[in-house]
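What follows is a single structure, written as structure tokens, with notes after it.
The values are calculated or read from the model by the stated rules, or taken from the named source; none is laboratory data. Being a predicted model, the structure only gives us computed values, none of them experimental. No Cβ is skipped: glycine too gets one built from the backbone with ideal geometry, and neighbour counts run over all protein chains shown.
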Amino acid sequence: MNTVPTKYIPLDLYVLRLDCIKPFDLYVRIDRYREKYVLYSRAGAYFNSRVRQQLLMNNVTTVYIPDEQRDLYQQYVEDNLPHIVTDTLIKPAEKSRIVYDSSTYLMRRLFEEPRAEIISRAKKTVNTVVKLILTDRGATNHLIRLTEHDYYTYTHSINVGVFSVAFARDLLHGVSERDFYELGLGFFLHDIGKASIPLEILNKPGPLTAEEWEIMKTHPENGYRILSDLGFIREESAAIVLQHHERMSGSGYPRGLRGDQIHP
């Protein structure tokens, strides 16, 4: 090889779909103490049950993808996410890690560039996360453990999404699965309006000035406008995006709604 990768993404062997061509290189780790890896197969190679069994016979249950091929890996995961979350051979902890990492990647892209194509991809991923939370409590517990303590706008959005869908699952009864998908979209994208807030305000370490705070308070309406203009929103999602900073006392923003004026 001309270059040797220095960083790798670990992947449970069972995540790889059988009988398909994989779009990335696969490595195996041959020395776990010195982090030594060797190329197992090139991108474009066919992956089937015989290849998987061969790896398992050599006690290989985790394979590695070069970090520089992360975009290829991300697209592969997005395409196969519905299969991944329903595959009983994949451990709940691994499912949760893949779902969380995939969501983080997409959410970061979305805040950098809130285009229709990325929002559409994010919506599909959110639907899969909601499906996982509704059907697999073990995986949900792992998801909650993965929630980041470092505050970034995109990780905060994922954390709010995970906690809120899990909370709604136990709180709301008689709600259709489709409605949970709409709620989930609103929870995960509630802060999308911050994509239009200048970074020097969004990432300011100290208190905001009065003028900066007025700009920050525009993000709910910005988010509502972004999603409405692109046709990605229903009433439930819109209410979450637009009203998540309203307060029962009327002291919230952007519209100072109070009490019953706020959507349930």
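Worth a mention:
- Within the stretch 71-92, the residues that satisfy the criterion of being surrounded by fewer than 16 Cβ atoms within 10 Å (Cβ to Cβ) and under 13 Å from Pro23 (Cα atoms) are Asp71, Gln75, Asp79.
- Qualifying positions in the stretch 52-68 - closer than 12 Å to Leu13 by Cα and under 30 Å from the mean Cα position of the chain (by Cα): Arg52, Leu55, Leu56, Val60, Thr61, Thr62, Val63, Tyr64, Ile65
- The residue of the stretch 169-218 that is farthest from Thr128 (Cα to Cα), among those that are exposed (fewer than 11 other Cβ atoms within 10 Å of the Cβ) and among the aliphatic types (A, V, I, L, M), is Ala210.
- All helices (runs of 4 or more DSSP H) inside the stretch 155-255 with 2 or more residues being within 29 Å of Leu143 (Cβ to Cβ) and not β-branched (Val, Ile, Thr): 177-188, 199-202, 219-229, 235-243
- Condition check for Asp170: charged (D, E, K, R) and in contact (Cβ under 8 Å) with a residue 40 or more places away in the chain: no
- Neighbours by Cβ (under 7 Å, 6+ apart or cross-chain): first from the stretch 116-134, charged (D, E, K, R) and assigned to a helix (DSSP H, G or I); second at pLDDT 90 or above and surrounded by fewer than 16 Cβ atoms within 10 Å (Cβ to Cβ): none
- Filter result for the condition that a residue is closer than 25 Å to Glu177 by Cα and either polar (S, T, N, Q) or without any contact (Cβ under 8 Å) to a residue 12 or more places away in the chain (or both), over Thr153, Thr62, Thr86: Thr86
- Residue check for Ser157: within 11 Å of the chain's Cα centre (by Cα), modelled with pLDDT of 90 or more, more than 24 Å from Glu236 (Cα to Cα) and not β-branched (Val, Ile, Thr): no
- Candidates in the stretch 17-38 are the residues that are in a strand (DSSP E or B) and more than 29 Å from the chain's Cα centre (by Cα); of these, the one that is nearest to Thr6 (Cα to Cα) is Lys36.
- Note on the stretch 64-101: among residues that are touching an Asp or Glu at 6+ places or on another chain (Cβ under 8 Å), aliphatic (A, V, I, L, M) and not in a helix (DSSP H, G or I), the one that is nearest to Glu117 (Cα to Cα) is Ile65.
- Here is the figure for the stretch 224-263: residues that are among the small types (Gly, Ala, Ser) and closer than 16 Å to Phe187 by Cβ total 3.
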